[in-house]
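Presented below is the structure to which this report refers.
What follows draws every value from the coordinates through simple rules; no lab data is involved. What you see is a predicted model, and the numbers here were worked out from it, not measured in a lab. Heads up, the Cβs are rebuilt from the backbone with ideal geometry, glycines too, and the neighbour counts pull from every protein chain shown.
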Amino acid sequence: MNVDSQYSEQLNKKHFDFLHCVYKAPDLNIYPINISLAYIAKSINLPESEILNISEYLSTQDFIKIDNSCPPWRDEIDRDVSITSKGIAEVENQVTQNLSDSTERLLKSTPNVENVDIAVIKQQIKRYQVLYCIYKATEDDPDEYIRLGYITKDIGLSENQVISITNYLIDQGFLCNRFDLDSINYAVCITFKGIAEVEKIAITNKPTNQVAQTLTVSPNPPFIDEGRLQEIRDISSKELKFDLSKLIRLCEELNSSYSNKNYYATAMLTRAIMDHVPPIFKFEKFAEVANNYGSKTSPNENQSFRKSMKYLEDFYRNIADGFLHQKIRNSESLPNVTQVRDSSSAIERLLEEIVRILKKSES
């Protein structure tokens, strides 16, 4: 029986997939966090319009909360949602009741996890299942890529579950992939970190209460997508007008800082990237990029890009400047993930356009 095969009367499959995606957001076991509707749409492969409708329904049923403080320059699909205690209870009830026979068989064959209390640490176990399945399938050749459909068939999880879990394992560095995972037909490869993680569990014989922590590495996924960063590295190896070595290092340090919850450094490095790249756009200051880039040549095509850049310049720069220049006070309020992560998609857009410009210049 599939984990997602039964639902409460209030939830159909799409509702449950949405709720399950919010439930599985990294760091949930520490505190409920927000997750953008755009991320959910991509994760469960539904149109944005349908995601908006589902979010409204789940909100009225008190399964999720919608953050309606979304700035006016951000699209409705960029709003954040978080799961409620009622939503958590609903997901945990369904997952606990419907674990498949094939899942239990795999757990019994996995080293040192046969006595695990599945109801308590089900999500960590599923992540380990996927990682262990890829580990065993590529034992003879760790560089071999395995199609996700093989994993789905072997351990009895749904396609959406396997895609979501695999994306998480990629974010944490346990797996790598050639393309963004939006299809069960895509393939992944285990990394040295992933191999070490499986073998560590096999050797150490952890007690039950420690197995829950085996895949809890960093709660934060990369701030900048590794695929995007690799595109910049690849371009930097060619003869260009600009030396990209500092930009690459800033991006790498930004990912490292965000992953390790260094939010002051995250904000400051984001600001450093903004101030570093304007010459690529033929401007001196980032404010000129935000206000003028593409406004004459293709205003409609670049409207979304400029909206993201305006967010960085008009809103996020103030946050970073506050972190950077605020003098010591009698009491302080330290930054959190919510304050810094909203700039991630805008920085992605900035780097995407930089890649496009530089590729065009070399052709």
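Using a simple spin-label model with points 7 Å from Cα along the Cα→Cβ vector, what separation in nm is obtained for Ser345 and Ser85? Modelled inter-label distance: 3.0 nm. I need the calculated FRET efficiency for the pair Gln303 and Ser69, taking r as the beta carbon distance and R₀ as 25 Å, to the nearest 0.05. Using R0 = 25 Å, I get an efficiency of 0.60. Highest mean packing first, where packing is the average number of other Cβ atoms within 10 Å per residue, the peptides 34-45, 222-233 line up as 34-45, 222-233. Distance between the modelled labels on Arg147 and Glu199, one decimal in nanometres: 3.0 nm (7 Å Cα→Cβ projection). Once the chain from Asp234 to Asn12 is taken as fully extended at 0.36 nm per residue, the excess over their C-alpha distance is 75.5 nm.
Treating r as the C-beta distance of Tyr264 and Val355 and R0 as 22 Å, the FRET efficiency rounds to 0.20. Counting only residues at least eight positions apart within a chain, or on another chain, the lysines with an alpha carbon under 23 Å from that of Lys200 are Lys108, Lys122, Lys126, Lys136.
Each peptide among 168-176, 15-23 gets the average number of other Cβ atoms lying within 10 Å of its residues, and from highest to lowest they stand as 15-23, 168-176.
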